[in-house]
Amino acid sequence: MTPTGSASAGSALSGPVQPVTVPPFAVIPGAQVSRALQGRENQITELVEAAYRLHSDGDSVNPPSYFLRFPDRPSARIIALPPRSAGRGGGMGWRGSSVSRRTWRAASRGAPPG
């Protein structure tokens, strides 16, 4: 984490400025994800099944996703996914998407994209 700001600067109203800590951020490319998951298909399937069972049992909260859209690129968006699991905490997942409607419709029908 990288501290920013200055502890010596300040104002008469707020007092000294405290250092701000910026959490680390990383973009993980799809190829890296594929390598990390390769050979673990059964483990991943079991994990996804367990998550669906938790949700079915009412042990999770999955509110609506939030979408950040770009006026100059209508097919591009960033999706915020804020799930929580009972007894396991919660978090925020972010996913970038740049899928055209035509590609999405074809994929949802089982047709190859294109």
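The values are calculated or read from the model by the stated rules, or taken from the named source; none is laboratory data. Every value quoted in this text rests on a predicted model; they were computed, and no experiment measured them. Neighbour counts are summed over all protein chains in view; Cβ atoms, including those assigned to glycine, are modelled from backbone coordinates with ideal geometry.
Observations, loosely collected:
- Residue in region 37-53 that is in a loop (DSSP other than H, G, I, E, B), modelled with pLDDT of 85 or more, of a type in the set (Asp, Glu) and surrounded by fewer than 10 Cβ atoms within 10 Å (Cβ to Cβ) present: no
- Residue tally, condition under 14 Å from residue 95 (Cα atoms) and in contact with a Lys or Arg (Cβ under 7 Å, 6 or more places away or on another chain), over region 48-77: 4
- Close pairs (8 angstrom Cβ cut-off, 6 or more residues apart or separate chains): outside the structural domain of residue 95 (by TED's automatic domain parsing) in region 57-84, among the β-branched types (Val, Ile, Thr) anywhere: none
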